[in-house]
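Asks: Handing you this structure, nothing more for now.
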Amino acid sequence: MQDILPIDFDLPPVKHRQFINEAKALNYAEMMKLKLIKRNAMVIILIRHQYAQTLDNAADIFIKVINKIDRTAEKHLEQYLADHRKQADYLIGILSDTVKAYLDKEAQPAVFDSIFGNDGKNILRMCDEHMAYAGNNYLPFMLPLYKKQRSVLFRTIDILELESATEDQDLIKAFQFILKHKKRRTDTLCIQQQPSSKQSKNLLNIRWVRDKWWKFVTGKSTKSAKVTHVNKAYFELCVFVRIAEELATGDLFIPYSEKFDDCREQMISWDEYEEQLEPYCEEVGLVPGDVAFTQHLKQNLTNACHKADSIFPDDESVRIEKGKLIIGKAKSEGPTPEIEKLGELLRERLEKVNLLDVIIDVENWLNLSRHFGPLSGFESRIDDPVLRFVLTLFCYSTNIGPTETMRSVRGISRKQVAWLNLKRVTEERLDKAIIRVNNSYKNYGLIEYWGSGNSVSADGKLLDLYEDNLLSEYHIRYGSYGGIAYYHVSDTYIALFSRFIPCGVYEAIYILDGLLNDESDFNPDTVHGDTHAQSTPVFGLAYLLGIKLMPRIRNIKGLNFYKPDRSMVLEHISSLFTDPIKWNLIQKHYPDMMRTAMSVKAGKITASTILRRFGTKNRKNKLYFAFRELGRVVRTMFLLEYITDIDLRKTIQAATCKSEEFNQFAQWLFFANGGKITFNLKHEQGKIVKYNHLLANMAILYNVNAMTAVFNQLQVEGHDITKEDMAGFSPYHTEHLGRLGSFDLDMSRKVKPMGFDLQI
């Protein structure tokens, strides 16, 4: 397909995306009205995009099938062990009697007849069966599951022209081998070049097969034994499992796909790296040069260790017991009587209003509908674009749907509501509207008492999806199928960035994208996250991007502290440290790490694409180990500050709580249809999350405006209000907002002006 299409039109990324959105929105008749040259360009770009999406979807299906086989087999093993517990007890009893008979030196061989009876062969079978599953080995359960999905896996991966991102071609050769022999009806396959010759070399190098697979694939107990044949079914399954792993980590790539393409081609050139290195280091506050960078980092870690060691005895809430670190929980401080009294007055005076009127008021303030004009100049104008925008936003942000919107708001049709979403709304345009709301929000004086705006916290919430969906995954914590709406929430309570991601992935992969993609006036440089953000490669990449990563720490006992060198002596916290940092690894791979970070900063590649490759330990990717080592340095310095600064721990806890509160607020607004997204198209699912994000921010903006007016009024009336009191409030008020019922759509209602100043 790609061979017959032009590879590059030399279009800027924004224009390229616009052409894709236009082509998706136009029908055949509308497409034919375009000039021939533009029509051809749009069709080719759309076909290339859809082809890339097809490759991505095929790879996603392949990975999901393999993962499902793996999870199901593990469950089958758990069930097997539960069902055969009595059998295991029986075998242990026989072993006990056998050992006793052996230790009795006077016992005759005939004594074993009373132990085994006539069941010797059955006992041996049970022992072999038990040993096959010993050590939580569920691979035998995978085989029957694989045989059911074998044809699907071959058909799916057959359209992917897999290539290796490293010089190691062994897995590619193994895949080509099973593809060549997939129709052979034999239990084993010969991997020798000349089967008749004992001196013949093997066609394949299968040393990449992991230990737990080795005996099933080769029939040999050790890797030192010569292997001439492999078990056909187990070898196919082993190859497919490894392909799924390496696609996820980027060691294998799919040319021309969007998600699984070779990320090396997206990097800046080495000439650009040399030219931009010093200005980049100056911008993000790094020391340029491999030797200077490593020495500076080592000195910083040394200083941090000695500082923490000198402070440590003064902190009563942190202690070391049996070499393990224990941090006591900080006492939660409830609201003061003054804040509770002000809260009651605030709730009494907030005007009751329905969500539709909130949208109308914010639209009158900011004219957000202007972001949703025609995608192209060939589209005809529509009547009442503001009305259509208000209804469309209400429809999709609350998940009520076009049909129910038609029932709740008189005078409109289902088609009118759905049309704007299909023809004019894209994720990029919703992002622009969100930025417009956020920039207006930043002008309010009230938010200065809640935070500086320099930090965000990242967290996600589960949104239900239909199970039969490419994005849908089963989330064990929530106990249902769905995807994750992932938000970056400012310390001033408003969400700056959102993305819809599969719930099966490691959330930390996306934690840096929010800061790098934020175009609002906030420009935060610090990100807080939950436990998932403790990954060392994430710390390493964040450091090179000039981002401060400060996650909430759980299970700190399980985290390692790394010392600058073995000779360092500390008085109080020496027991916390394990191995020293491998500084030579950081220095050696400094150019590769910096080039990666500079490529991310330049927008050539996303941070999530890089971190996806570092999601699992990968011996093929030496850059992973370099980023991990750098991350160990940065995380150790953060942990040392974390355990010695109680104010920092309180700040991080408060920031992550704001994320959780925003998730609850957004979920409250997304009330219809049980909170389940009914769309099965990825781009529509992403739009739904953006719609909900936009409505939540609009409601927050409306609430802050109303709160400012109420507090100013109370101040005029003589109430004693302090700046400290203001810090105890948040904009997540819902008691005055109406989301149900039949709404009268009044576009001419009088709108109160925006009042930014707080007279406190």
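Asks: Answer yes if at least one residue in the stretch 528-549 is of a type in the set (Gly, Ala, Ser) and free of Cβ contacts under 8 Å to residues at least 24 places away in the same chain, and no otherwise.
Replies: Within the stretch 528-549, none of the residues are of a type in the set (Gly, Ala, Ser) and free of Cβ contacts under 8 Å to residues at least 24 places away in the same chain.
Asks: Further question: Check off (1) over 30 Å from Tyr732 (Cα atoms); (2) among the hydrophobic types (A, V, I, L, M, F, W, C); (3) free of Cβ contacts under 8 Å to residues at least 60 places away in the same chain; (4) in a helix (DSSP H, G or I) for Val634 and give me the number that stays unchecked.
Replies: All conditions are met except number (3).
Asks: A further question on this structure: Could you run through the stretch 385-422 and say how many residues are farther than 22 Å from Val689 by Cβ, free of Cβ contacts under 8 Å to residues at least 40 places away in the same chain, surrounded by fewer than 18 Cβ atoms within 10 Å (Cβ to Cβ) and of a type outside the set (Lys, Arg)?
Replies: Going through the stretch 385-422 one residue at a time, the tally reaches 2.
Asks: Here's something else I'd like to know. Applying the selection to the stretch 552-567, what residues are of a type outside the set (D, E, K, R), in contact (Cβ under 8 Å) with a residue 24 or more places away in the chain and part of a loop (DSSP other than H, G, I, E, B)?
Replies: Matches in the stretch 552-567: Ile553, Asn555, Leu559, Asn560, Pro564.
Asks: Take Gln715 and tell me if it is within 24 Å of Leu740 (Cα to Cα) and surrounded by fewer than 21 Cβ atoms within 10 Å (Cβ to Cβ).
Replies: No: the conditions fail for Gln715.
Asks: While we're here: For Leu623, are the conditions met, namely being over 23 Å from Glu258 (Cα atoms) and either touching a helix residue (DSSP H, G or I) at 6+ places or on another chain (Cβ under 9 Å) or in a helix (DSSP H, G or I) (or both)?
Replies: no
Asks: Residues in the stretch 160-171 that are surrounded by 14 or more Cβ atoms within 10 Å (Cβ to Cβ) and either without any contact (Cβ under 8 Å) to a residue 12 or more places away in the chain or touching a helix residue (DSSP H, G or I) at 6+ places or on another chain (Cβ under 9 Å) (or both): how many?
Replies: 5
Asks: Checking the condition surrounded by fewer than 22 Cβ atoms within 10 Å (Cβ to Cβ), out of contact with any His (no Cβ under 7 Å at 6 or more places or on another chain), basic (Lys, Arg) and within 23 Å of Val318 (Cβ to Cβ), which residue from Lys601, Lys582, Lys650 passes?
Replies: Step by step, each of Lys601, Lys582, Lys650 is checked, and only Lys650 is surrounded by fewer than 22 Cβ atoms within 10 Å (Cβ to Cβ), out of contact with any His (no Cβ under 7 Å at 6 or more places or on another chain), basic (Lys, Arg) and within 23 Å of Val318 (Cβ to Cβ).
Asks: With the structure loaded, tell me whether Thr636 is under 26 Å from the mean Cα position of the chain (by Cα), farther than 30 Å from Gly540 by Cβ and polar (S, T, N, Q) or whether it fails that test.
Replies: no
Asks: Would you tally the residues in the stretch 678-729 being in a loop (DSSP other than H, G, I, E, B), within 24 Å of Gly334 (Cα to Cα) and in contact with a helix residue (DSSP H, G or I) (Cβ under 6 Å, 6 or more places away or on another chain)?
Replies: Counting residues in the stretch 678-729 that are in a loop (DSSP other than H, G, I, E, B), within 24 Å of Gly334 (Cα to Cα) and in contact with a helix residue (DSSP H, G or I) (Cβ under 6 Å, 6 or more places away or on another chain) gives 3.
Asks: Between a residue in the stretch 255-267 that is farther than 15 Å from Met593 by Cα and assigned by TED's automatic domain parsing to the domain that holds Asp158 and any residue that is at pLDDT below 80 and in a loop (DSSP other than H, G, I, E, B), which pairs come within a Cβ distance under 9 Å, given they are 6 or more apart or on different chains?
Replies: Once the first residue is farther than 15 Å from Met593 by Cα and assigned by TED's automatic domain parsing to the domain that holds Asp158 and sits in the stretch 255-267, its partners that are at pLDDT below 80 and in a loop (DSSP other than H, G, I, E, B) give Tyr256/Met1; Tyr256/Ile7.
Asks: For the stretch 211-222, what are the residues that are assigned to a loop (DSSP other than H, G, I, E, B) and surrounded by 12 or more Cβ atoms within 10 Å (Cβ to Cβ)?
Replies: Gly219, Lys220
Asks: When the stretch 735-750 is examined, which residues are found to be of a type outside the set (Lys, Arg) and modelled with pLDDT under 80?
Replies: Residues satisfying the conditions are Leu740, Gly741, Ser742, Phe743, Asp744, Leu745, Asp746, Met747, Ser748.
Asks: Out of Leu237, Leu204, which single residue is over 30 Å from Asp592 (Cβ atoms), of a type in the set (A, V, I, L, M), buried (at least 16 other Cβ atoms within 10 Å of the Cβ) and under 30 Å from the mean Cα position of the chain (by Cα)?
Replies: Leu237
Asks: While we're on this one: Just for the stretch 68-98: of the residues that are polar (S, T, N, Q) and at pLDDT below 85, which one is farthest from the chain's Cα centre (by Cα)?
Replies: Thr98
Asks: When the stretch 401-447 is examined, which residues are found to be over 27 Å from Lys15 (Cα atoms) and among the small types (Gly, Ala, Ser)?
Replies: Listed by number, the residues that qualify are Gly401, Ser408, Gly411, Ser413, Ser440, Gly445.
Asks: Considering only the stretch 409-436, how many residues are among the β-branched types (Val, Ile, Thr), touching a helix residue (DSSP H, G or I) at 6+ places or on another chain (Cβ under 8 Å) and over 12 Å from Phe389 (Cα atoms)?
Replies: Of the residues in that region, 4 qualify.
Asks: Return the pair list, or none, for Cβ contacts closer than 9 Å from residues in the stretch 644-655 that are in the same structural domain as Phe312 (by TED's automatic domain parsing) and in a helix (DSSP H, G or I) to residues that are surrounded by fewer than 17 Cβ atoms within 10 Å (Cβ to Cβ) and among the small types (Gly, Ala, Ser), at least 6 apart or on different chains.
Replies: Ile646/Ser317; Ile646/Ala330; Arg649/Ser317; Arg649/Ala330; Lys650/Ala330; Gln653/Ala330
Asks: Of these, Ile382, Ile435, which one is more than 21 Å from Trp668 (Cβ to Cβ) and part of a loop (DSSP other than H, G, I, E, B)?
Replies: Every option except Ile382 fails the conditions.
Asks: Still on this structure, please answer the following. Can you name every residue in the stretch 552-579 that is closer than 16 Å to Val633 by Cβ and surrounded by 15 or more Cβ atoms within 10 Å (Cβ to Cβ)?
Replies: Within the stretch 552-579, Leu559, Phe561, Tyr562, Lys563, Pro564, Met568, Leu576, Phe577 meet the criteria.
Asks: Being farther than 22 Å from Asn438 by Cβ and of a type in the set (Val, Ile, Thr), is that true of even one residue in the stretch 668-682?
Replies: Yes, the conditions are met somewhere in the stretch 668-682.
Asks: Go through (1) modelled with pLDDT under 90; (2) more than 17 Å from Phe253 (Cβ to Cβ); (3) surrounded by fewer than 14 Cβ atoms within 10 Å (Cβ to Cβ) one by one and return the number of the condition Asp187 breaks.
Replies: (1)
The values are calculated or read from the model by the stated rules, or taken from the named source; none is laboratory data. Being a predicted model, the structure only gives us computed values, none of them experimental. In this analysis, Cβ positions are derived from the backbone assuming ideal geometry, glycine residues included, and neighbour counts consider all displayed protein chains.
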